[in-house]
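A short write-up of the structure that comes next.
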Amino acid sequence: MPVGFLYTMGFIIALLLALAMTPLVKKFAFKVGAIDKPNHRKVHTRIMPRLGGLAIYIAFVGAFLAVSPFIPDGLLRPRDVNMINALLVGGTIIIILGALDDRFELSAKVKLLGQIAAACVVVFGFDVRIDLVNIPFGETMQPIAEWIGIPLTILWIVGVTNAINLIDGLDGLAAGVSGISIATIVVMATLMGFQPVILLSTLLLGGIIGFLVFNFHPAKIFMGDSGSLFLGFSLATLSMLGFKQVTIVSFVTPLLIIGVPLSDTFFAIVRRWVNKKPIFAPDKGHLHHRLQDLGFSHRRTVLIIWGVAAIFGILAIVQSAVVQSSAANWITFAVICLLMFFLQIGAELTGIVDKTRRPLINFLARIGVRIAKVDTQQSRGK
């Protein structure tokens, strides 16, 4: 079977499985009491079933089992198979953890311990870890010591897993952002010819799109922590697996792939630190909250953030395409500077850290550069 046809069939199978399983998971969630009740922090106003991540997981694993007998001999090396097993086993631990949280609302400490356990299975059980890094303006692909690589890998997996969990605040938001990131990985892995990542990402993308049919506003089911944790774990693992093996890779590339959830998490930490609140304390200051406060509708807010995620994805693809050029270091440096500039402008416009302080915008105004001001609903109503 041609490889392209195999991937296409896998995508279609995952898509169809997600479309078939999501309504069944919805009924199951109501039956077992995995529901989300509205409160002052949440946007929805009626009881909603959670556990939607289970449908994505079933679609992903079911599609993999369906296509695995048809994978051509020699397409996957033993190391590739080991990587696939790491994602499947670790992902299963995460989906169980998320499903339990959707039903019983586990404490933050228990969820963190479960995420660390899944990350340790990947690192110690399957020997998958970050062992090479590329530093701009340095020698290509520097090996790093095991005592650095192991905690760095665990921190990466746990950090990205929680980043997706934090942006799961509106219908279709986390699933859409994850889907865009996965699609970015598919394109990059295809350009690099990294078959296991193409296979896994294609199957996962099919499951996400099928689930989004029921999850986009107005949602019929939430993905819950089972979905956000599973997608976050999968993104962390795939972004690490896909590009640590390449001869030349920029450390910026994986960060760009998941730029939206990581930047939102970063600003959340800064916001809570500035306001002298606990780092892990929930609030309504995330990007989607601020965009809604500025007057954007539920659906438009989601589409705006999807657009930002797509821009990050395009930058990641461009970055990966030029890393082998002689100007790669300067391009990486330019990308970092531009991102820092526009992220700061965006943060000040939306008030994601502080609603009143705008140091960069004020500085630009003093030198004659004007930035359009976004008025809140309250100011428009005065």
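The values are calculated or read from the model by the stated rules, or taken from the named source; none is laboratory data. Keep in mind that this is a model prediction, so the values were computed, not measured. Positions of Cβ are generated from backbone atoms using ideal geometry, with glycine treated the same way; all protein chains shown enter the neighbour counts. These area figures cover heavy atoms from the full protein model, side chains too; ligands, DNA and RNA do not enter into them. Shrake-Rupley method; radii C 1.70, N 1.55, O 1.52, S 1.80 Å.
Taken over the range 96-115, residues that are open to solvent by 60 Å² or more (accessible area, probe 1.4 Å) and either at pLDDT 95 or above or part of a helix (DSSP H, G or I) (or both) amount to 9. Among the residues of this structure, Ile13 does not count as one that is closer than 20 Å to Lys111 by Cα and open to solvent by 30 Å² or more (accessible area, probe 1.4 Å). Cβ separations smaller than 8 Å between residues 6+ apart or across chains give the following pairs from the range 91-115 residues that are closer than 26 Å to Phe126 by Cβ to residues that are open to solvent by less than 20 Å² (accessible area, probe 1.4 Å) and not in a helix (DSSP H, G or I): Ala99/Ala34; Ala99/Leu51. Residue-level analysis places Leu152 outside the set of residues that are part of a helix (DSSP H, G or I), open to solvent by 40 Å² or more (accessible area, probe 1.4 Å) and modelled with pLDDT of 90 or more.
Scanning the range 277-313 for residues that are polar (S, T, N, Q) and crowded, with 17+ Cβ neighbours inside 10 Å, we see that the one that is nearest to the chain's Cα centre (by Cα) is Thr301. Criterion first (open to solvent by 40 Å² or more (accessible area, probe 1.4 Å), at pLDDT 80 or above and in contact with an Asp or Glu (Cβ under 9 Å, 6 or more places away or on another chain)) does Arg366 satisfy it? It is false that Arg366 is open to solvent by 40 Å² or more (accessible area, probe 1.4 Å), at pLDDT 80 or above and in contact with an Asp or Glu (Cβ under 9 Å, 6 or more places away or on another chain).
For the range 210-234, the set of residues classified as farther than 17 Å from Gly33 by Cα and either of a type outside the set (Gly, Ala, Ser) or touching a Lys or Arg at 6+ places or on another chain (Cβ under 8 Å) (or both) consists of Phe211, Leu212, Val213, Phe214, Asn215, Phe216, His217, Pro218, Leu229, Phe230, Leu231, Phe233, listed by residue number.
Results for (1) at pLDDT 95 or above; (2) under 15 Å from Phe222 (Cα atoms), shown as yes or no for each residue.
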{"residue": "Ile12", "(1), (2)": "yes, no"}
{"residue": "Ala18", "(1), (2)": "yes, yes"}
{"residue": "Lys26", "(1), (2)": "yes, yes"}
{"residue": "Pro38", "(1), (2)": "no, yes"}
{"residue": "Ile47", "(1), (2)": "no, yes"}
{"residue": "Arg50", "(1), (2)": "no, yes"}
